[in-house]
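The values are calculated or read from the model by the stated rules, or taken from the named source; none is laboratory data. Everything numeric here is computed off the predicted structure, so don't read it as measured data. Positions of Cβ are backbone-derived with ideal geometry, glycine not excepted, and every protein chain shown enters the neighbour counts. Keep in mind that these areas ignore ligands, DNA and RNA; they rest on the heavy atoms of the full protein, side chains included. Shrake-Rupley method; radii C 1.70, N 1.55, O 1.52, S 1.80 Å.
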Amino acid sequence: MKSKQCITVLGSTGSIGTNTLDVLARHPERFDVYALTAARQVEPMLNQCAKFKPRVAVMAQEDAGRQLAERVRAEGLATEVRWGQQALDEVSADPEVDAVMAAIVGAAGLSPCLAAARAGKRLLLANKEALVVGGEVFLAAVQQGGATLLPIDSEHSAIFQSLPDNPGTWAQRIDKIILTASGGPFRSREVASLKEVTPEQACAHPNWVMGRKISVDSATMMNKALEVIEARYLFGVTPEQLEVVIHPQSIIHSMVQYKDSSVVAQLGTPDMRVPIAYGLSWPERMASGASTLDFKALPAMTFEAMDAHGHPERFPGLALAWQTLGARPGSCAILNAANEVAVEAFLNRQIRFDQIHGVNEATLAALTLGAPQTLDDLMEIDRLGRLQAKAQVAQCSR
């Protein structure tokens with residue numbers, strides 16, 4: 001029997017990946033790093049290889065992989081360097097691997113997540129797109145492989161921690177799930193001025209340190225829309241049992257309301273190392289490195305309805321969660337693809353902040369596709385969604 005868990009970190013150079021490595025470094029007696037992966041960030045990956053000595057490093061892009069291989073050889077490191085989609089899938093499903101941290105942003109993370117699920121791994125899901133895009137196809141792979149699916153998003157981890165241990169009892173006990181949202185940087189900003197928002201302003205989250213894409217999603221509340229979709233699949237509730245409330249202090253990360261009207265909540269500092277440590281150690285708990293709550297020094301905790309400031313149009317994208325969950329299969333994948341294109345266009349200053357929602361809505365309206373059955377089906381929906389969204393961006397740019 002192995003004395004240590006062997007971990008693959010998908011997306012190791014991103015925010016979740018670096019936080020995961022920080023937690024792993026605190027517990028060298030419990031974990032070994034089998035593989036680290038990134039898209040094309042050669043220098044950060046080289047530094048991680050030197051520090052954590054993974055058996056394998058994978059770059060999604062071939063040119064970055066070849067560069068990394070040269071640097072690894074020059075530094076005399078023993079890490080094997082691979083690249084490409086197949087390599088990502090291989091290090092997610094390798095028999096040596098016990099757990100996979102899935103932190104690749106976007107639909108690109110779906111294939112290795114499916115590979116890990118089919119191989120029966122403990123899958124720590126920080127890539128919400130696996131469920132948003134994958135839906136029933138992804139859940140079928142989890143069931144087929146006997147994988148253990150553990151949520152890492154702070155909200156979904158909070159819900160998981162607030163639920164009974166036996167999933168078989170959830171349906172009988174749960175009244176609804178309440179996801180909290182900080183409201184992002186524009187919670188009380190004049191709606192008319194949102195068209196003037198810059199990428200720098202949208203990426204300046206008041207509570208969390210995150211990547212650029214997820215920061216913009218938080219500012220539009222599309223991140224919360226994707227989390228609603230993910231919660232629907234993770235916890236097996238109906239869309240009507242999902243609610244979102246604004247909680248600007250980000251102390252309560254989410255709540256479960258039970259049929260007896262009691263509410264169970266999970267509280268903590270806004271530090272992603274907490275849910276990461278819980279996922280890595282579950283069903284135990286271990287030190288995360290995060291600071292503890294000082295209840296004597298906490299600000300007052302407040303809660304607001306989504307339209308508390310009288311402007312429901314401030315976050316129009318949130319309603320798309322329930323819209324797509326009630327639409328034909330594959331709609332959630334279209335929404336995710338459209339949003340990735342729209343956010344990238346905004347970050348590249350091709351469209352305004354307030355046009356992101358229009359791109360998403362128009363893309364959903366323009367496409368009617370068959371129900372996906374396989375990864376290839378999902379990738380085709382993603383491809384068509386992106387093409388249509390790019391056409392919508394082009395119209396905005398005129």
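List of remarks:
- Estimated FRET transfer efficiency (Gln61, Val264; beta-carbon r; R0 35 Å; 0.05): 0.20
- Contour minus Cα-Cα distance for Ser188 and Ala305 (0.36 nm per residue): 40.9 nm
- All-pairs alpha carbon distance profile, segment 315-398, 5 Å steps from 0, percent: 3, 17, 28, 23, 16, 8, 3, 0
- Whole-percent pair-distance distribution, where bins are 20 Å wide, for the alpha carbons of the chain: 28, 60, 12, 0
- Fraction of antiparallel bridges per DSSP, the chain only, in percent to nearest 5: 25
- Gyration tensor verdict on segment 152-284 (Cα atoms; rounded if a/c is under 1.5, prolate if a/b is larger than b/c, oblate otherwise): prolate
- Per residue value of the accessible surface for segment 249-381 (all protein chains in place, 1.4 Å probe), Å²: 47
- Average accessible surface for segment 1-110: 45 Å² per residue, computed with a 1.4 Å probe over protein heavy atoms with every protein chain in place.
- Put a plus charge on the Cβ of each Lys and Arg, a minus charge on the Cβ of each Asp and Glu, and nothing anywhere else: the dipole of segment 100-190 about its Cα centre is then about 120 debye.
- Residue by residue, segment 320-333 carries 3J(HN,Hα) couplings of 5, 4, 5, 4, 6, 5, x, 8, 5, x, x, 5, 5, 5 Hz when phi is fed to the Karplus relation 6.51 cos²θ - 1.76 cosθ + 1.60 (θ = phi - 60°); x denotes Gly or Pro.
- Gln143-Arg383 pseudo-label distance in nm [points 7 Å out on the Cα-to-Cβ vector]: 2.9
- Directionally averaged projected area (segment 66-113, Cα convex hull): 4.1 nm².
- Once the C-beta distance of Ala25 and Arg173 is scaled by a Förster radius of 41 Å, the resulting FRET efficiency is 0.60 to the nearest 0.05.
- Charge dipole (debye, nearest 20) of segment 217-332; +1 at Cβ of Lys and Arg, -1 at Cβ of Asp and Glu: 160
- Cα gyration tensor shape for segment 7-117, rounded if a/c is under 1.5, else prolate or oblate: rounded
- Judged by the ratio a/c of the largest to the smallest principal axis of the C-alpha gyration tensor, segment 75-166 counts as prolate, that ratio being 1.5 or greater while a/b is larger than b/c.
- Of the peptides 54-63, 285-294, the order by per-residue mean of other Cβ atoms within 10 Å, starting with the highest, comes out as 54-63, 285-294.
- Label point distance in nm, Arg285-Gln249, each placed 7 Å from Cα along Cα→Cβ: 2.0
- Between the beta carbons of Glu80 and Ala366, assuming R0 = 56 Å, the FRET efficiency works out to 0.80 to the nearest 0.05.
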